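In what follows, a structure is listed as structure tokens, so that the remarks can point back to it.
FYI, it's all coordinate maths here, none of it is from the lab. Fair warning: this is a prediction, and the values are worked out from it, not measured in the lab. As a convention, Cβ positions derive from the backbone with ideal geometry for all residues, glycine included, and neighbour counts pool all protein chains shown.
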């Protein structure tokens with residue numbers, strides 16, 4: 001196994017991690033931005049007002065994207081397992 005192979009595997013792993021985390025993080029980011037604008041407009045500084053909607057948005061995104069996330073991870077793991085004979089040589 002060469003250093004290029006290792007770097008390629010690390011790149012693929014980071015790309016899969018980014019693809020899986022981005023939708024969840026973006027949904028929480030958008031909800032947090034909307035809540036922040038609402039808090040700034042109304043001058044309400046309640047911490048639970050920011051935390052609970054972000055938690056619900058993350059849970060909803062996870063529930064909606066769960067099958068896609070599992071499929072993405074299974075495809076990546078199957079490709080890794082399929083590469084084992086070539087990596088051992």
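Residues of the range 16-37 with amide nitrogen under 15 Å from the 7 Å Cα-to-Cβ point of residue 49? Only 32-37 pass the distance filter. Counted over the range 3-88 with a bin width of 10 Å, the fraction of Cα pairs per bin, in whole percents, is 15, 33, 22, 17, 9, 3, 0. Rounded to the nearest 10 degrees, the inclination of helix 3-42 to the longest alpha-carbon principal axis of the chain is 10 degrees. Taking the longest Cα principal axis of the chain as reference, the axis of helix 47-82 is set at about 10 degrees.
Secondary-structure-derived ellipticity at 222 nm for the chain, considering helices only, amounts to -32500 deg cm²/dmol, per-run term -39500 (n - 2.57) for DSSP H runs with n ≥ 4.
Shape descriptor for the range 19-61: Rg over Rh equals 1.03 (Cα atoms; Rh from the Kirkwood inverse mean 1/r).
Computed over the chain with a Gaussian network model linking Cα atoms closer than 10 Å, the most mobile of 47, 73, 20 is 47.
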